[in-house]
Amino acid sequence: MALLKESEAMDELKLKYDQIWNNILHCEVSEAKRLVNEFAEKVNFHYIKKSETREFKDYLKTPYPYVAILVGIAIPVTAFLLILLLP
């Protein structure tokens, strides 16, 4: 059933894609180029944003941020206790 849903969505996307190109055909060449470049920039921005989010989630699955938090807490507390206890 998932494949059926994906194919319906794909058909809708193809229809929208064709409508966009039909609308662009009636524009001037410079305006059409500008529109295509803007579409490409938006898609690229969305892809970059998605990949950065995915990378951050993968980073949180590693132990590094949690070790950094522990070290960031442990070092100042240890230094404070040493200052208090060593005079």
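In the condition set (1) open to solvent by 100 Å² or more (accessible area, probe 1.4 Å); (2) charged (D, E, K, R); (3) more than 26 Å from the chain's Cα centre (by Cα), GLU31 is compliant with all but (1).
Would you mind stating whether LEU13 is under 27 Å from the mean Cα position of the chain (by Cα), modelled with pLDDT under 85 and exposed (fewer than 10 other Cβ atoms within 10 Å of the Cβ)? For LEU13, the condition - under 27 Å from the mean Cα position of the chain (by Cα), modelled with pLDDT under 85 and exposed (fewer than 10 other Cβ atoms within 10 Å of the Cβ) - is not met. The residues in the stretch 16-28 that are outside any helix (DSSP H, G or I) and either charged (D, E, K, R) or open to solvent by 80 Å² or more (accessible area, probe 1.4 Å) (or both) can be counted, and the count is 2. Looking at the stretch 34-87, which of its residues are open to solvent by 100 Å² or more (accessible area, probe 1.4 Å) and among the aromatic types (Phe, Trp, Tyr)? If the condition is that a residue be open to solvent by 100 Å² or more (accessible area, probe 1.4 Å) and among the aromatic types (Phe, Trp, Tyr), then PHE45, TYR47, PHE56, TYR59, TYR64, TYR66, PHE80 are the ones that fit.
The values are calculated or read from the model by the stated rules, or taken from the named source; none is laboratory data. Worth saying up front: this structure is predicted, and the values here are computed from it rather than measured. We place every Cβ from the backbone using ideal geometry, glycine too, and count neighbours over all the protein chains shown. Ligands, DNA and RNA are excluded from the accessible area calculation, which covers all protein heavy atoms including side chains. Shrake-Rupley method; radii C 1.70, N 1.55, O 1.52, S 1.80 Å.
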